[in-house]
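Participant: Encoded as C-alpha cells, here's the structure I'll be asking about.
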Amino acid sequence: MPGLSADRFDVLVIGGGITGCGVARDAAMRGLRVVLLERDDFASGTSGRSSRLVHGGIRYLEHGQLHLVRESIRERETLLRIAPHLVQPLAFTWPIYSGARVGKFKLNAGLFLYQLLALGKSHPHSSLNAAQTQEREPSLGSTGLTGGAVYYDARTDDAKLTIANALSAEQNGALVASHTRATEIIRERGKAVGAVATAKYSGETQEVRARVLVNATGVWQNDLAAGGKSRRARGSKGVHIAVPRERVGNRDALTLISGVDGRVMFCLPAGVQTIIGTTDTWTDESPETVHASMGDIDYLLRSANGYFPRARLTFDDVVSAWAGIRPLASGGSANPTAVSREHSIVADESGVIHVTGGKLTTYRSMAAEIVDRVQEALGEKVRGAPTDSVELPGSDRSVEVAAIERDDPRLAQPLVVGLPYTGAHLVYGITREKAQSLSDLLIRRTHLAFETRDHGRSVAALAAGIVAPLLKWDEQTKSARIREFEQDVGRMFAVA
Ligand SMILES: Cc1cc2nc3c(=O)[nH]c(=O)nc-3n(C[C@H](O)[C@H](O)[C@H](O)COP(=O)(O)OP(=O)(O)OC[C@H]3O[C@@H](n4cnc5c(N)ncnc54)[C@H](O)[C@@H]3O)c2cc1C
C-alpha cells in the first residue's frame with residue numbers, strides 16, 4: 001500500500017461509495033491532503049445497486065419534502081452539466097387510470113410544482129390524453145386509461161459516477177485505495193487519529209494517520225462506531241429486477257403507482273432490458289449478503305403486469321434480481337417509503353464525522369457540506385471547491401476503448417453476443433478505472449453480470465485470460481479470482 005503510512009493526512013475518508021468518493025474529490029480540490037479507503041470496490045455497496053436515476057424525486061412532493069426536491073433538481077442540473085457522459089436526460093411517461101391514487105389533477109399539480117422548483121431550468125412537462133399516452137407507450141393496457149403526463153429527469157450509471165469521483169479525487173492529489181479495509185479506528189487520548197488498514201489481496205496491514213476522519217461507510221457505519229455504540233442507520237431494502245425489454249415493450253421510462261400497494265415505482269429502459277423497481281421494506285439483513293426474495297420478485301412482476309397485461313411476465317422472464325440497502329438518516333417510521341432521504345452529519349466524541357442517508361443525486365452538495373465540517377474541525381477557513389463546474393473524468397472513454405480495439409483487434413470481439421462489452425472495456429477498466437478484480441470489471445466497469453442469466457460466469461475465464469498479464473496473475477491467482485467472482489455474483493444475484 002504505497003504512500004499510505006508515509007505521512008499524516010489532513011483527512012481520512014472511510015468508504016468508497018458515492019458519498020466517500022464525493023467527499024474525497026471535494027476535499028482534494030480544496031487542497032487538503034486526502035486518503036480514501038474502500039474495503040471492496042468503489043460502488044460495491046449501495047451506490048452500485050441504485051435505480052441509476054439522478055432525479056428531483058417527484059414522489060417526495062407527496063411527503064411535503066420541498067427542500068429535498070429543490071436541492072435534488074438543482075443537483076440534477078449540475079450533474080447534467082459537469083458529467084454529460086454519465087448523466088443524460090430521461091423522459092418519463094406517467095399513465096393515469098380511472099380510480100388511480102394519483103389522479104390527473106394531483107399529477108398535474110405535482111408536475112407544475114416540480115417545474116416551479118426547477119426555476120425554469122428543466123424541460124417542460126406536458127399532459128397527455130389517453131390516445132397520446134398509448135401512442136407514447138403502446139404496450140400499456142388500455143382499459144381504464146384516462147391520460148397521463150410526460151416529464152423529464154435524468155439517468156446515470158451509478159458505479160461509473162462513483163468511480164469518476166474517485167478518479168477526480170486522485171487527479172487532484174488524493175490517495176485512493178480500493179480493496180483496502182479500515183479494520184479499526186485508532187484513538188489516542190479519546191481523539192481519533194487514524195485507522196488500521198488491511199489490503200485484501202496482499203494481506204498487508206498498516207496504520208493510516210489523519211487529522212480528521214470521515215465515516216462514509218453507509219449501512220456499515222455501525223462497524224466503526226466509537227466504543228462499539230450502536231449508531232447503525234436503519235436500512236430499507238430495495239430490490240430491482242431486469243427483464244428483456246421486448247417482453248415489456250416499453251419505449252421509454254415509466255413512473256407507475258403499484259396496483260399492489262399504491263407505491264411509486266419505475267420501469268426503466270437499460271439497453272436490451274427493462275429494469276423494474278423498487279421495493280422498499282425495512283431489513284436487518286447484512287449488507288454483504290442482502291438479496292432479492294421470491295416475494296420481492298413476485299411483487300415487482302405483479303405490479304408491472306398490472307400495467308402491461310399483454311406481457312404476462314413470470315419468474316422465467318427475470319434475467320437478474322438484486323438488492324441494496326438504503327442508509328436512511330431517520331428510522332422511526334413504520335413505513336420506510338415515508339422516511340426522508342435527507343442526510344445527517346454528526347461528529348462523535350472522538351471527532352469522527354459520521355454521514356448517514358442522502359441520495360446518489362445529492363452527493364455533491366452533501367460532500368461540500370461534509371468538507372465544510374472537516375475544515376472547521378481542522379481549524380481552517382472554510383473555502384468551497386469548484387465541484388459544480390469542473391467536469392468529471394471519463395468523457396474520452398469510448399475513444400480510448402476504440403483505440404485499444406484498433407491496436408489489438410482480438411479485443412474488439414464482444415464478450416457476450418448482443419451486449420456492447422469487448423475485451424477492450426476490460427483493459428480500459430484495469431488501466432484507467434482502477435479495477436482490480438473480475439467482479440470490479442463484470443459487475444461495475446461493465447454491467448455484464450446484471451445483463452446475463454448466468455451473471456457473467458461463462459465469460460469469467462475469458463475475462464481472466466485477457467486481464468491476467470496486466471494484473472500479473474499466474475494460473476493459481478487466475479483460478480482464485482474466478483472463484484472469488486463466482487462467489488460474489490452468487491451472493492449478489494441470489495434469490496431466496
Ligand atoms: C434500491 C435503491 C435504489 C436507489 N435509487 C436511487 C436513485 O435512483 N437515485 C438516487 O439519487 N439515489 C438512489 N438510492 C440511494 C443511493 O443509492 C444511496 O443514498 C447512496 O448510494 C449511498 O451511498 P454511500 O456512499 O453513502 O453508501 P455505499 O454506497 O454503501 O458506500 C459505503 C462504502 O463503504 C465501504 N465500507 C464499509 N465498511 C468499510 C470499512 N471498514 N473500510 C473501508 N470501506 C468500508 C463499503 O464497501 C461501501 O462501498 C437508491 C438506494 C437503493 C437501495
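Participant: So Gly271 passes all but one of these: (1) open to solvent by 40 Å² or more (accessible area, probe 1.4 Å); (2) modelled with pLDDT of 95 or more; (3) touching an Asp or Glu at 6+ places or on another chain (Cβ under 8 Å). Which condition number does it fail?
Facilitator: (2)
Participant: Any residue that is within 16 Å of the ligand (Cβ to nearest atom), modelled with pLDDT under 95 and hydroxyl-bearing (Ser, Thr, Tyr) - is there at least one of those in region 107-114?
Facilitator: Yes: region 107-114 contains one or more residues that are within 16 Å of the ligand (Cβ to nearest atom), modelled with pLDDT under 95 and hydroxyl-bearing (Ser, Thr, Tyr).
Participant: For region 448-477, name all the residues that are open to solvent by 80 Å² or more (accessible area, probe 1.4 Å) and assigned to a helix (DSSP H, G or I).
Facilitator: Selection gives Arg457, Ser458, Leu462, Pro469, Glu475, Gln476.
Participant: Which of (1) assigned to a loop (DSSP other than H, G, I, E, B); (2) buried (at least 19 other Cβ atoms within 10 Å of the Cβ); (3) within 25 Å of the chain's Cα centre (by Cα) is the odd one out, the single condition Ile73 does not satisfy?
Facilitator: (1)
Participant: So, in region 127-167, exactly how many residues are away from the ligand (no atom under 16 Å from the Cβ) and part of a strand (DSSP E or B)?
Facilitator: Of the residues in that region, 9 qualify.
Participant: Still on this structure, please answer the following. Looking at this structure, is Val243 open to solvent by less than 10 Å² (accessible area, probe 1.4 Å), away from the ligand (no atom under 15 Å from the Cβ) and either assigned to a strand (DSSP E or B) or at pLDDT 95 or above (or both)?
Facilitator: Considered against the rule, which asks whether it is open to solvent by less than 10 Å² (accessible area, probe 1.4 Å), away from the ligand (no atom under 15 Å from the Cβ) and either assigned to a strand (DSSP E or B) or at pLDDT 95 or above (or both), Val243 comes out as yes.
Participant: Quickly run through region 346-362 and pick out the residues that are within 10 Å of the ligand (Cβ to nearest atom) and under 15 Å from Leu213 (Cα atoms).
Facilitator: Val355, Thr356
Participant: Now for a different question. Return yes when Gly56 is open to solvent by 10 Å² or more (accessible area, probe 1.4 Å) and either more than 8 Å from the ligand (Cβ to nearest atom) or closer than 18 Å to Thr361 by Cα (or both) and no when it is not.
Facilitator: No, not satisfied.
Participant: Ok, one more. Which ones in region 1-40 are under 14 Å from Val214 (Cβ atoms) and part of a loop (DSSP other than H, G, I, E, B)?
Facilitator: Gly15, Gly16, Gly17, Arg30, Leu32, Arg33, Glu38
Participant: Report yes if some residue within region 174-192 is open to solvent by 30 Å² or more (accessible area, probe 1.4 Å), more than 27 Å from Thr361 (Cβ to Cβ), in contact (Cβ under 8 Å) with a residue 40 or more places away in the chain and hydroxyl-bearing (Ser, Thr, Tyr); otherwise report no.
Facilitator: Within region 174-192, none of the residues are open to solvent by 30 Å² or more (accessible area, probe 1.4 Å), more than 27 Å from Thr361 (Cβ to Cβ), in contact (Cβ under 8 Å) with a residue 40 or more places away in the chain and hydroxyl-bearing (Ser, Thr, Tyr).
Participant: Take the conditions touching a strand residue (DSSP E or B) at 6+ places or on another chain (Cβ under 6 Å), open to solvent by 40 Å² or more (accessible area, probe 1.4 Å), at pLDDT 95 or above and over 30 Å from Ala83 (Cα atoms) and apply them to Arg209. Does it pass?
Facilitator: yes
Participant: Using the structure shown, decide if Leu80 is at pLDDT 95 or above, under 29 Å from the mean Cα position of the chain (by Cα) and aliphatic (A, V, I, L, M).
Facilitator: yes
Okay, residues lined up against (1) free of Cβ contacts under 8 Å to residues at least 24 places away in the same chain; (2) under 30 Å from Ser437 (Cα atoms); (3) among the hydrophobic types (A, V, I, L, M, F, W, C):
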residue	(1), (2), (3)
Met29	no, yes, yes
Asp41	no, yes, no
His63	no, no, no
His85	no, yes, no
Tyr97	no, no, no
Lys106	yes, no, no
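Participant: From (1) out of contact with any strand residue (DSSP E or B) (no Cβ under 8 Å at 6 or more places or on another chain); (2) assigned to a loop (DSSP other than H, G, I, E, B); (3) closer than 28 Å to Gly235 by Cα; (4) away from the ligand (no atom under 11 Å from the Cβ), pick out the condition that doesn't hold for His85.
Facilitator: (3)
Participant: Please state which one of Ser330, Ser340, Ser365, Ser293 is closer than 30 Å to Val212 by Cβ, among the small types (Gly, Ala, Ser), at pLDDT 95 or above and open to solvent by 10 Å² or more (accessible area, probe 1.4 Å).
Facilitator: Criteria check complete, one pass: Ser365.
Participant: Determine which member of the set Val416, Val399 is open to solvent by 30 Å² or more (accessible area, probe 1.4 Å), among the aliphatic types (A, V, I, L, M), away from the ligand (no atom under 16 Å from the Cβ) and under 23 Å from Ala468 (Cβ atoms).
Facilitator: The match here is Val416.
Participant: So how many residues does region 478-495 have that are in a helix (DSSP H, G or I) and either touching a Leu at 6+ places or on another chain (Cβ under 8 Å) or in contact (Cβ under 8 Å) with a residue 40 or more places away in the chain (or both)?
Facilitator: Of the residues in region 478-495, 8 are in a helix (DSSP H, G or I) and either touching a Leu at 6+ places or on another chain (Cβ under 8 Å) or in contact (Cβ under 8 Å) with a residue 40 or more places away in the chain (or both).
Participant: Does Ala304 satisfy the condition of being among the aliphatic types (A, V, I, L, M), modelled with pLDDT of 95 or more and assigned to a helix (DSSP H, G or I)?
Facilitator: Here the answer is yes, as Ala304 does meet what is asked.
Participant: Can you find, within region 36-53, the residue that is surrounded by the most Cβ atoms within 10 Å (Cβ to Cβ) among those that are more than 9 Å from the chain's Cα centre (by Cα) and near the ligand (Cβ under 6 Å from one of its atoms)?
Facilitator: So the residue we want is Glu38.
Participant: Exactly one of (1) within 7 Å of the ligand (Cβ to nearest atom); (2) closer than 21 Å to Ala195 by Cβ; (3) open to solvent by 10 Å² or more (accessible area, probe 1.4 Å) is unmet by Arg8. Its number?
Facilitator: Looking at each condition in turn, Arg8 falls short on (1).
The values are calculated or read from the model by the stated rules, or taken from the named source; none is laboratory data. Here the structure is a predicted model, which means the values were calculated and not measured. Positions of Cβ are generated from backbone atoms using ideal geometry, with glycine treated the same way; all protein chains shown enter the neighbour counts. Side chains included, ligands, DNA and RNA excluded: accessible areas come from the protein's heavy atoms. Shrake-Rupley method; radii C 1.70, N 1.55, O 1.52, S 1.80 Å.
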